[in-house]
Every structure is written in structure tokens, then in C-alpha cells.
Amino acid sequence: MVLGAGPASPVSGCPEVAELEANLPCTCKVHFPDPNKLHCFQLTVTPDEGYYQGGKFQFETEVPDAYNMVPPKVKCLTRIWHPNITETGEICLSLLREHSIDGTGWAPTRTLKDVVWGLNSLFTDLLNFDDPLNIEAAEHHLRDKEDFRSKVDDYIKRYAR
């Protein structure tokens with residue numbers, strides 16, 4: 001793959017793409033659908049532990065022109081039953097927030113690698129039932145953990161293979 005995109009690309013000739021590819025978690029794969037548009041890429045996360053083990057989850061990432069003053073835009077393309085990801089793909093991950101009161105939001109020092117590792121962690125240590133975006137999923141887990149696991153498994157079978 002050619003790392004230099006066109007002059008209009010925010011990651012044009014960016015060593016950050018090479019760093020990202022060299023430092024992926026073993027559960028992640030990055031795919032550039034168009035090698036001339038390195039600012040648009042897909043990430044596949046295949047968790048190897050926890051509720052989501054066995055699923056393949058696709059994320060679409062678009063790096064805006066104002067990067068790295070603003071975070072990339074990320075959407076989950078795979079339907080999922082998750083407290084921090086809605087069924088329509090919105091994601092609750094503090095480092096993707098432009099303004100965060102707890103100081104964990106986006107900062108110009110963050111990189112695409114941080115985003116990938118953060119998304120990967122939503123399936124393990126950053127899985128958060130206490131501050132959910134999908135309140136129904138979080139309440140489901142609180143009410144009946146076995147039934148929650150069953151629904152997660154059903155979603156994996158139907159949407160994440």
C-alpha cells in the first residue's frame with residue numbers, strides 16, 4: 001500500500017498510518033477501501049475474550065480536515081447489543097469526545113493508534129455498564145446477566161460473523 005495520499009488528505013504522507021498498522025492489537029485489522037483516501041478506513045475488531053468473543057465488529061473511521069485538533073469520526077457498522085454502542089452505530093468512548101469534563105476526551109496529542117486501542121477496549125476493560133449510551137442494554141445486563149449474554153450471542157450469530 002502507498003502511504004502518501006493526495007495533498008487534500010489530512011493524513012497525507014503521514015507516518016501515523018504506518019505506526020497504526022505496526023501497533024495494532026492482535027484482535028484488530030485495518031482496511032483501507034481506497035488506497036488514495038487514507039483518511040477513510042475500516043477497523044475490524046474480533047474480541048478473543050468476554051461477552052463479544054467470536055464476533056467480528058466493523059467500524060468506519062473518517063479523519064476530518066481539522067485532525068488532530070478534532071477527533072476522527074467513528075461509527076460501528078455491525079449491529080451490536082452493547083451498553084456503549086447503540087444499535088445504529090453511535091459510540092460512547094470518551095477519547096472520541098471533542099470536549100470532555102473529566103479530561104479524558106480528545107487532545108491533539110492523541111493518535112489514530114489511541115482510537116483503535118480505545119475501540120478494542122470497549123470489548124474488554126472499557127466495557128462500561130455504569131455510564132451507558134445504550135441504556136436498554138445496560139439495564140438488561142443489570143436485570144439478567146445470562147439473558148444479556150444470550151442476546152449478545154444472538155446478535156453475534158445474526159450480524160457479526
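The values are calculated or read from the model by the stated rules, or taken from the named source; none is laboratory data. These numbers come from a predicted model, not from an experiment. So basically every Cβ, Gly included, is an ideal-geometry build from the backbone, and we count neighbours across all protein chains shown. Calculation scope for accessible area: heavy atoms of the full protein, side chains included, ligands and nucleic acids excluded. Shrake-Rupley method; radii C 1.70, N 1.55, O 1.52, S 1.80 Å.
For the reader, a short list of remarks on this structure follows.
- Heavy atoms of HIS31 accessible to a 1.4 Å probe, total area in Å² rounded to 10: 100 Å²
- Burial ranking of peptide ranges 143-149, 105-111 (average Cβ count within 10 Å, highest at the top): 105-111, 143-149
- Entries in LYS37/LYS145; LYS56/LYS113; LYS37/LYS157; LYS75/LYS145 that, when Cα-Cα distance is taken, lie over 30 Å: LYS37/LYS145; LYS37/LYS157
- Sequence-distant aspartates and glutamates (8 or more away, or on other chains) whose Cα lies within less than 12 Å of LYS73: GLU60, GLU62, ASP65, GLU90, GLU98
- Cα centroid separation - region 107-125 against region 46-100, whole Å: 9 Å
- The C-alpha atoms of the chain define a longest principal axis, and helix 112-121 lies at about 10 degrees to it.
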